[in-house]
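The structure under discussion appears below in the form of structure tokens.
The values are calculated or read from the model by the stated rules, or taken from the named source; none is laboratory data. This structure is a prediction, so every number in the text was calculated from the model and none was measured. Cβ placement follows ideal geometry from the backbone for every residue including glycine, while neighbour counts extend to all protein chains displayed.
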Amino acid sequence: MTPEPKTRFTRGKGLLEPYLARRRASIANRLIPAELRAGRILDVGCGSLPYFLAHTAFKEKFAIDQLPPARENKEIRWYTLDLNTDPALPFGDAYFDVVTMLAVAEHLNPTSLEKLLTEVHRTLKLGGRVIITTPAAHADSLLRWMARIGLVSAEEINEHAFAYTLPLLGWSFGRAGFGLGRVRFGSFELGLNLWALADK
């Protein structure tokens, strides 16, 4: 018998995947100001089971992923798109209050990430915020070993295209139009994962 979709956190299997999904969601929720929650959020690369969107409070929720949703959720407006092929976002200017990209940047090379962040900048309202989480560059070999022994999703790790550092994330924000004075950074899980945010 196949497990119920609600028991899965990513496409692949890994003993730590539930913990990692909860941790990323906790970090993102902590970085979202209460006053922005009365508006719209877009979660880019949310996965077919959008754990974060299901565990955050917003007036309107939007999702983009290359896969369709595993089950219907009337609270989330879903767009099935391959942003690796075309990073254009199908929304008007200044549409969102918050955009999140949790465990997404590592699947994009720096050129693709810059194009996507430029689109994020366009679709964010003035005063809006984008939040990114991504593994630290120095954690790449450890993650690949953890995937081999089944601790994290091999399907996800094998699709990693680039390993980012905080300075490179800052450079990407700047190239996309975000002022460097409006960017903040941090790390979690003993520095193995990074978070970065930029305000428009």
| task | Among the numbered conditions (1) of a type outside the set (D, E, K, R); (2) surrounded by fewer than 19 Cβ atoms within 10 Å (Cβ to Cβ); (3) in contact with a helix residue (DSSP H, G or I) (Cβ under 6 Å, 6 or more places away or on another chain); (4) at pLDDT below 95, tell me where residue 174 comes up short. | result | (4)
| remark: So, first residue more than 26 Å from residue 154 (Cα to Cα) and assigned to a helix (DSSP H, G or I) in region 8-37, second residue at pLDDT 85 or above and polar (S, T, N, Q), Cβ within less than 6 Å, six or more apart or across chains; the pairs are 29/56
| said: Can you find a residue that is hydroxyl-bearing (Ser, Thr, Tyr), out of contact with any Gly (no Cβ under 9 Å at 6 or more places or on another chain) and outside any helix (DSSP H, G or I) anywhere in region 110-131? | reply: no
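Counting just the residues of region 38-78 that are in a strand (DSSP E or B), in contact with a helix residue (DSSP H, G or I) (Cβ under 9 Å, 6 or more places away or on another chain) and in contact (Cβ under 8 Å) with a residue 24 or more places away in the chain, which one comes out nearest to residue 116 (Cα to Cα)?
Across region 38-78, the extreme among qualifying residues is 44.
Mind telling me which of the residues 30, 40 ends up being modelled with pLDDT of 85 or more, surrounded by fewer than 15 Cβ atoms within 10 Å (Cβ to Cβ) and of a type in the set (Lys, Arg)? Walk me through it before giving the result.
Numbers: 40 fails: surrounded by fewer than 15 Cβ atoms within 10 Å (Cβ to Cβ).
One residue alone meets the criteria, 30.
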| field | Whichever residue in region 85-111 is in contact (Cβ under 8 Å) with a residue 24 or more places away in the chain and farther than 20 Å from residue 52 by Cβ and, among such residues, is surrounded by the most Cβ atoms within 10 Å (Cβ to Cβ) | value | 87
| Does any residue in region 133-148 that is farther than 23 Å from residue 183 by Cα come within less than 7 Å, Cβ to Cβ, of a residue that is part of a helix (DSSP H, G or I) and modelled with pLDDT of 90 or more six or more places away or on a different chain, and which pairs are these? | none
| request: Could you tell me whether any residue of region 134-156 is buried (at least 19 other Cβ atoms within 10 Å of the Cβ) and closer than 24 Å to residue 33 by Cβ? | output: yes
